[in-house]
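Q: One structure, pasted below without further comment.
The values are calculated or read from the model by the stated rules, or taken from the named source; none is laboratory data. Model, not experiment: these values are computed from the prediction. We place every Cβ from the backbone using ideal geometry, glycine too, and count neighbours over all the protein chains shown. Note: accessible area is taken over every heavy atom of the protein model, side chains too, but ligands, DNA and RNA are not part of it. Shrake-Rupley method; radii C 1.70, N 1.55, O 1.52, S 1.80 Å.
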Amino acid sequence: MNLIMIKFLKIIIGTGFIVFFILVTIASIRTLSLDVNAGLQLARWETPSDISLEIDHRKREELLTLFKEAIRIPTVSFSPTESNTTALLHFNSFLRRAFPTLFTSGLVHHELVANYSHLFWVPGSQLDLVPYLLLAHIDVVPATESDGWVAPPFSAQEIDGFIYGRGTIDDKSSLMGILQALEYLLIQGYAPHRGFYLGLGHDEEVSGYQGALNIVRLLKQRNVRLAFVLDEGLAVLDGVISGLDGPAALIGVSEKGLATVKLSVSTLPGHASMPSRESSIGILAAAVKRLEDNPMPMLFGHGPERETFEHLAHKFGLPLKFVLSNLWLFSPLVGRFLEQKPDSNAFVRTTTAVTIFNAGVKLNVMPSLAEAYVNLRIHTAQSLQEVMDLIQFTIGDHRVKIELIEGFDPLPVSSSDDKSYGFQIIKKTVLDMFPTVAVAPGICVGNTDSRHFKDLTKDIYRFAPLWFKPGDAKRFHGINERISRKNYEDLVLFYSRLIQNCDIRKLPEPHTSVHEL
Ligand SMILES: *[C@@H]1O[C@H](CO)[C@@H](O)[C@H](O)[C@H]1NC(C)=O
Ligand SMILES: *[C@@H]1O[C@H](CO)[C@@H](O)[C@H](O)[C@H]1NC(C)=O
Ligand SMILES: [Zn+2]
């Protein structure tokens with residue numbers, strides 16, 4: 001914070017005080033006007049259906065028991081070709097046992113996809129309403145107790161109000177939360193106006209080529225269009241963004257693209273006693289060094305990360321409130337601040353990570369081949385092709401062969417304005433549950449199954465109301481993944497509210513406010 005102000009003052013002194021004074025005046029007015037813009041007023045929403053879930057002691061024990069049972073089935077994806085299929089089969093029968101109403105209700109169509117994934121369809125009573133889709137995944141990444149877990153990773157042991165286990169965050173909490181919510185709603189006689197789908201993939205952790213892709217194929221065959229898709233991704237951050245007053249729910253409106261690039265240099269093999277001036281290792285090492293010394297351009301302000309800060313600006317204290325309300329002026333400065341740390345740097349540019357370097361086989365032989373792999377996560381404002389061109393330009397050495405092993409463009413940015421149905425419904429549901437949380441669009445630096453759905457809808461959101469405190473993010477794919485009892489219960493309530501809120505036919509008219517000067 002202070003760093004921003006010091007850098008800022010240096011720049012100001014360099015540009016002259018008069019310009020500064022004019023800018024500050026405009027900026028101050030903007031800071032005030034943004035405060036007024038609080039979004040759609042909750043009071044004016046229609047409420048077509050209102051089945052409130054009373055979670056009494058019996059229900060609470062029931063839903064927690066089922067959730068723990070889901071965690072204990074080790075549905076691990078080890079690699080794209082290897083998963084625990086025994087566990088996946090167990091999971092299939094577990095779901096039928098856990099949610100009998102869901103599987104027998106005349107309102108719900110169920111089908112198994114690629115043996116272990118599931119597609120549910122609940123047609124709505126009002127056929128003109130465009131359906132939506134909720135996504136979650138069954139598989140988890142591997143976990144080994146000896147890495148330092150306080151409880152075995154597939155035990156679902158409860159310690160101080162937290163349930164520990166692989167999948168408690170990613171992603172069995174959403175999966176079970178969605179199914180549990182629908183089970184309870186069906187028991188209480190709920191019948192939706194707007195139809196919806198539930199997609200449960202079994203290989204998300206290894207790219208979703210079996211589960212999600214086959215679900216997409218089925219929906220395309222049936223000419224389904226979706227109002228929006230909601231998948232895992234971002235969460236409620238509480239005390240994680242420094243300077244922000246109170247928790248913030250970030251709803252992912254895009255995710256970064258990917259490029260896995262192989263660099264290789266071949267030279268003639270020779271004896272180490274008469275080396276040529278440059279070895280394949282030296283040539284490749286120099287190329288890798290150039291990539292690291294010349295990071296991809298800083299793009300803060302050109303992607304949805306800009307809106308994240310604009311939405312949250314009013315929740316910061318001064319001077320950050322002032323700076324963030326005026327990104328038209330300060331975005332280069334904020335960008336330079338964010339790029340200092342690896343976690344925030346990931347939001348402002350395409351990142352470059354050299355992950356594998358192989359060369360040489362024998363102490364006295366010049367290696368004929370050196371290879372390296374580079375993993376790049378592409379910022380929303382860049383394309384895969386632009387990144388490949390920049391790599392070529394930066395390396396600038398025709399002896400280095402550059403091959404794209406796997407890659408895709410960043411996902412299109414979904415809408416998040418006052419007229420955006422999906423975004424506003426999710427936002428309303430968050431506020432129904434947690435009235436004091438700030439809601440803002442955000443960007444996912446990792447990838448989800450939802451990326452396969454981009455031809456079926458223009459609006460894909462990545463969010464679950466998981467409550468993240470400082471340090472919790474590293475439990476994700478790490479050790480001691482956990483969720484509090486209360487948070488899991490909140491997920492069930494959230495999805496129950498969300499499904500009912502989606503029956504809203506159209507959004508209320510936005511109230512007029514001073515948006516821009
Ligand atoms: C696969 O899952 C089953 C239970 O469904 C478990 O008994 C077995 O140990 C698991 N295998 C591996 C390799 O994790
Ligand atoms: C589904 O199971 C059948 C029979 O075990 C097998 O032949 C097929 O390859 C499986 N399909 C997938 C996508 O795993
Ligand atoms: Zn996941």
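Q: For the range 328-361, give me each residue that is more than 24 Å from E255 (Cβ to Cβ) and open to solvent by less than 80 Å² (accessible area, probe 1.4 Å).
A: Scanning the range 328-361 gives L329, F330, P332, L333, A359, G360.
Q: Of all the residues that make up the range 320-350, how many are assigned to a loop (DSSP other than H, G, I, E, B) and within 15 Å of H379 (Cβ to Cβ)?
A: Total meeting the criteria: 3.
Q: How many residues does the range 88-120 contain that are within 14 Å of ligand 2 (Cβ to nearest atom), over 30 Å from G189 (Cβ atoms) and part of a helix (DSSP H, G or I)?
A: Selection size over the range 88-120: 2.
Q: Could you list all residues from the range 85-114 that are in contact (Cβ under 8 Å) with a residue 40 or more places away in the chain and within 16 Å of ligand 1 (Cβ to nearest atom)?
A: L88, F91, L95, A98
Q: Being open to solvent by less than 10 Å² (accessible area, probe 1.4 Å), within 16 Å of ligand 3 (Cβ to nearest atom) and within 26 Å of Q500 (Cα to Cα) is true for just one of L134, L119, L95, L102. Which residue is that?
A: The conditions single out L134.
Q: Against the condition crowded, with 20+ Cβ neighbours inside 10 Å, of a type in the set (A, V, I, L, M, F, W, C) and in the same structural domain as C444 (by TED's automatic domain parsing), how does I483 come out, does it pass?
A: For I483, the condition - crowded, with 20+ Cβ neighbours inside 10 Å, of a type in the set (A, V, I, L, M, F, W, C) and in the same structural domain as C444 (by TED's automatic domain parsing) - is met.
Q: I want to confirm something. Restricting to the range 137-148 and keeping residues that are touching a residue at least 12 places away in the same chain (Cβ under 8 Å) and surrounded by fewer than 20 Cβ atoms within 10 Å (Cβ to Cβ), which single residue is farthest from ligand 3 (Cβ to nearest atom)?
A: G148
Q: Sticking with this one: Quick check on my filter: what residues within the range 205-240 are more than 16 Å from ligand 3 (Cβ to nearest atom) and part of a loop (DSSP other than H, G, I, E, B)?
A: Across the range 205-240, the qualifying residues are R222, N223, V224, R225, L226, A227, F228, D238, G239, V240.
Q: In a helix (DSSP H, G or I), more than 16 Å from ligand 3 (Cβ to nearest atom) and more than 14 Å from the chain's Cα centre (by Cα): which single residue out of E489, E406 fits that description?
A: Just one listed residue meets the conditions, E489.
Q: If a residue has to be part of a helix (DSSP H, G or I) and open to solvent by 20 Å² or more (accessible area, probe 1.4 Å) to count, how many in the range 272-319 make the cut?
A: So the answer is 15.
Q: Buried (at least 20 other Cβ atoms within 10 Å of the Cβ) and touching a helix residue (DSSP H, G or I) at 6+ places or on another chain (Cβ under 9 Å), is that true of L466?
A: Yes: the conditions hold for L466.
Q: Inspect the range 390-399 for any residue being at pLDDT below 95, touching a strand residue (DSSP E or B) at 6+ places or on another chain (Cβ under 9 Å) and in a loop (DSSP other than H, G, I, E, B) and give the result as yes or no.
A: no
Q: Mind listing whichever residues of the range 120-170 are out of contact with any Ser or Thr (no Cβ under 6 Å at 6 or more places or on another chain), farther than 20 Å from F196 by Cα and either more than 16 Å from ligand 1 (Cβ to nearest atom) or not assigned by TED's automatic domain parsing to the domain that holds L64 (or both)?
A: Answer for the range 120-170, where residues must be out of contact with any Ser or Thr (no Cβ under 6 Å at 6 or more places or on another chain), farther than 20 Å from F196 by Cα and either more than 16 Å from ligand 1 (Cβ to nearest atom) or not assigned by TED's automatic domain parsing to the domain that holds L64 (or both): G148, V150, A151, Q157, E158, I159, D160, I163, Y164, T168, I169, D170.
Q: Six or more apart or on different chains, Cβ atoms under 6 Å: show the pairs whose first residue is in the range 205-230 and touching a residue at least 24 places away in the same chain (Cβ under 8 Å) and open to solvent by 30 Å² or more (accessible area, probe 1.4 Å) and whose second is within 16 Å of ligand 1 (Cβ to nearest atom) and of a type outside the set (S, T, Y).
A: E205/D139; E205/V141; Q210/D203
Q: Sticking with this one: Identify all residues within the range 121-149 that are acidic (D, E) and not in a loop (DSSP other than H, G, I, E, B); write none if there are none.
A: Correct list: E145, D147.
Q: Return the residues of the range 169-204 that are in contact with a Pro (Cβ under 9 Å, 6 or more places away or on another chain), in a loop (DSSP other than H, G, I, E, B) and away from ligand 2 (no atom under 16 Å from the Cβ); say none if nothing qualifies.
A: If the condition is that a residue be in contact with a Pro (Cβ under 9 Å, 6 or more places away or on another chain), in a loop (DSSP other than H, G, I, E, B) and away from ligand 2 (no atom under 16 Å from the Cβ), then P192, H193, R194, G195 are the ones that fit.
Q: Let me ask you something else. Can you confirm whether V261 is in a strand (DSSP E or B) and either open to solvent by less than 40 Å² (accessible area, probe 1.4 Å) or not charged (D, E, K, R) (or both)?
A: yes
Q: Name the residues in the range 55-87 that are open to solvent by less than 40 Å² (accessible area, probe 1.4 Å), assigned to a loop (DSSP other than H, G, I, E, B) and under 23 Å from L493 (Cα atoms), would you?
A: Residue satisfying the conditions is I55 alone.
Q: Among (1) farther than 30 Å from R505 by Cβ; (2) assigned to a helix (DSSP H, G or I); (3) not aromatic (F, W, Y), where does T355 come up short?
A: Exception for T355: condition (2).
Q: Let me ask something else. Just one of (1) in a helix (DSSP H, G or I); (2) open to solvent by less than 70 Å² (accessible area, probe 1.4 Å); (3) away from ligand 2 (no atom under 16 Å from the Cβ) trips up T380, so point out which.
A: (1)
Q: Right, something else. What is the residue count in the range 74-92 for residues that are away from ligand 3 (no atom under 16 Å from the Cβ) and β-branched (V, I, T)?
A: 3
Q: Evaluate the following for S242: is it open to solvent by 30 Å² or more (accessible area, probe 1.4 Å), more than 16 Å from ligand 2 (Cβ to nearest atom), in contact (Cβ under 8 Å) with a residue 24 or more places away in the chain and polar (S, T, N, Q)?
A: yes
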